[in-house]
Every structure is written in structure tokens, then in C-alpha cells.
Amino acid sequence: MDVRYIHNFLRVVQTGSMSEAARQLDLSPSAIAQQMRVLEVGLGAPLLVRHGRSVRATAAGERLFERGQRLLQDFDGLRAWVLGDADGGELRLGTVNTALHGFLPTVMQAFVARHEQVRISVRAGLTPELYTALVQSELDVLICLKPSFDLPKTVCWAELREEPLVVLCRREDAHQDPLALLRSRPLVRYDRALAGGRLADRYLKAQGIVPVERMELNSVLAVAMMVDQGLGVGLVPDIGSVLAQGRDVCTLALPNGAGAGGDGRAPDARKVGLLWLNTSARARWARSLLECARQCLG
């Protein structure tokens with residue numbers, strides 16, 4: 001029995017659709033259906049039942065779903081242990097785009113110098129979708145934002161840095177008061193569907209600032225590009241020098257005592273760090289990646 005079939009079975013149950021699972025896995029629906037039949041024959045029980053265009057797990061399928069994720073984790077751990085560091089292996093890294101376009105290349109350089117035989121695959125995405133992939137054993141380690149919910153004991157979090165909110169403006173406005181800029185200039189808003197955008201929105205409301213919104217973008221670097229073109233100012237997490245690199249823009253720190261609660265606290269910041277499963281055989285590589293990141297970020 002091919003262990004990949006179990007992985008694909010989990011995806012079918014999660015999506016409730018063979019065709020959608022096939023699309024996500026880049027396989028044909030007929031191939032997925034054939035794999036499900038092979039599983040059912042091998043286990044000697046029906047695993048799925050159709051309801052129109054959707055499918056759901058039978059009682060036997062639910063039991064396989066419950067144990068399947070643990071089985072895949074055990075298999076991944078066994079494979080990593082058999083290969084060992086000397087023979088190489090693969091580290092599946094998930095990262096948010098701001099890290100990918102910022103400090104990640106430097107961190108990767110340090111990690112590869114330590115582990116020349118390790119292959120690295122990188123998937124960029126948003127923290128929620130990356131976290132789901134981590135707990136489903138599709139990724140080994142994440143560089144992401146700290147989740148807003150309590151983490152299970154099987155998931156490790158290590159903070160790398162905080163990214164406080166800053167006002168992004170053209171260099172010619174570098175002498176201006178940042179709060180005055182937010183009140184008087186059009187705002188190139190960071191997407192409120194994202195954690196950093198929600199942080200900025202809460203800050204504006206706490207300060208009683210009702211901005212004139214020019215546009216809303218889901219990329220910090222895209223906000224910087226629009227500010228560079230004179231389309232307004234931004235209120236974004238400070239992701240480092242990459243914000244101003246090659247652009248006629250600068251960042252202005254918000255004044256102390258201007259926290260979102262208006263209670264004298266420092267301005268709010270989002271937290272960036274590493275997440276990994278402490279049960280994974282690749283946890284040692286995750287810890288090594290953490291050491292490299294902390295050395296590179298100081």
C-alpha cells in the first residue's frame with residue numbers, strides 16, 4: 001500500500017470532494033478515485049460514501065482519518081531518521097512573503113553552510129494556511145507570524161523579532177510628524193484581512209484617525225511601491241530595510257505612548273518567529289534553522 005494514498009485520502013475527506021482534492025494535488029479525478037479503491041481493497045472496508053457531488057467518510061473512513069495524520073508523521077520521521085543528515089533529506093519550509101523578500105535569503109545561506117546535503121523546498125503563503133499545512137505534516141517548519149490562538153503542546157514557537165507599526169512616507173516628508181501625516185495624507189492601506197492590516201486599523205481607531213483611503217493592498221512591499229509613487233502614506237509593520245530599498249521612501253517611528261489602547265504603551269507590533277512540530281524527526285533541522293536566523297538577525 002502506497003503511503004501517499006493515505007495522504008490523498010485525508011485531502012479527500014478534508015475537502016469533501018474527489019475533484020477538489022485532485023485539483024489541489026495536481027492529479028486527475030480518476031487517479032484519485034482509483035487510489036481510494038486501492039485503499040478500500042487493501043483495508044477491506046469501504047472508506048467513502050458519495051452524496052451527489054460530494055463525499056464523506058464512512059465509520060471506517062473516520063477511523064482511518066483519525067489515525068492517518070499520525071501515521072504520516074511517523075512515516076516522515078522514519079524516512080528522515082533512515083536518511084540521516086549525512087545522506088541528506090528534505091526540509092519543507094513555509095514562509096510569509098515579507099520574510100521571503102527580506103531576511104530569509106541570508107538565513108538560508110547560513111543554514112546551507114551547516115547542512116550542505118539537505119534539500120530545501122520553500123512554500124510562501126499566509127500564516128493560517130501555512131499552519132494548517134504544518135499540523136497536517138505537509139511542512140516541517142514555518143517562518144511566520146505568531147498565531148493569535150493558544151498552540152497545542154506538540155507545536156513549538158520561537159520568536160525571532162517584533163515588527164512595530166511605522167508610517168511609510170516619501171523622503172521629502174521625513175521631517176513631518178507621523179500622526180499628522182496619517183491625518184492629512186491619503187492612506188495606502190495594508191489589507192485588513194491580514195494580521196498586520198488589522199493591527200494598523202486598530203491603531204488608527206484608537207488614535208481617532210479617520211484616514212482618506214486611496215487604496216488597499218495585501219502586500220507590504222506593494223504599499224511601499226505606491227508610496228514611492230506619491231500616492232499617499234502607509235501604516236505597516238516594519239519589515240526592515242527592504243521596505244525602502246531602491247525606493248524614495250522612509251519609515252517614521254510612531255511616538256511612544258501611542259499604543260492601540262491609548263494608555264501610554266509602546267505602539268503595537270506583530271511577532272515573527274518559527275513554528276515546528278516537536279514530534280517531527282526534522283525538529284533538529286528546525287532548531288538549527290532557528291539558530292541561523294537568530295545569528296543573522298542579531
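What follows is calculated from the coordinates using simple rules that are stated; it is not laboratory data. This one's a predicted model, so the numbers in the text were calculated from it and none came from an experiment. Neighbour counts are summed over all protein chains in view; Cβ atoms, including those assigned to glycine, are modelled from backbone coordinates with ideal geometry.
Observations on the model:
- Using the Stokes-Einstein relation with a Kirkwood hydrodynamic radius computed over Cα pairs, the translational diffusion coefficient of the stretch 163-270 at 10 °C and a viscosity of 1.306 mPa s comes to 119 µm²/s.
- The stretch 3-71, relative contact order in percent, only Cα pairs under 8 angstrom and at least six apart counted: 33 percent
- In degrees, nearest ten, helix 283-297 long axis to first principal axis of the chain (Cα): 10 degrees
- Cα long-axis angle, helix 3-15 against the chain (0 to 90 degrees, to the nearest 10): 60 degrees
- By the count of other C-beta atoms within 10 Å, a proxy for reagent exposure, Trp157, Trp276 are ordered fewest to most as Trp157, Trp276.
- The charge dipole of the chain, taken about the Cα centre with unit charges on the Cβ atoms of Lys, Arg (+1) and Asp, Glu (-1), comes to about 480 debye, rounded to the nearest 20.
- Taking Ala174, Ala57, Ala31 as the candidate residues, the one with maximal mean-square fluctuation in a Gaussian network model of the chain, Cα springs under 10 Å, is Ala31.
- Annotation: the antiparallel percentage among DSSP beta bridges lying fully within the stretch 163-270 is about 65.
- Residue-count net charge about Gln24 - beta-carbon cut-off 15 Å; Lys, Arg +1, Asp, Glu -1: 0
- Proximal aspartates and glutamates relative to Lys271, as straight alpha-carbon distance under 15 Å, when same-chain residues fewer than 8 apart are discounted: Asp150, Glu159, Glu162, Glu163, Asp238
- At q = 0.22 Å⁻¹, base-10 log of I(q)/I(0) for the stretch 3-71 (Debye sum, equal scatterers on each alpha carbon): -0.89
- Calculated [222 nm] ellipticity per residue, helices only, for the chain: -13000 deg cm²/dmol; basis is -39500 (n - 2.57) per DSSP H run with n ≥ 4, divided by all residues, nearest 500.
- Gaussian network model of the chain, Cα within-10 Å springs - most flexible of Phe149, Phe103, Phe111: Phe149
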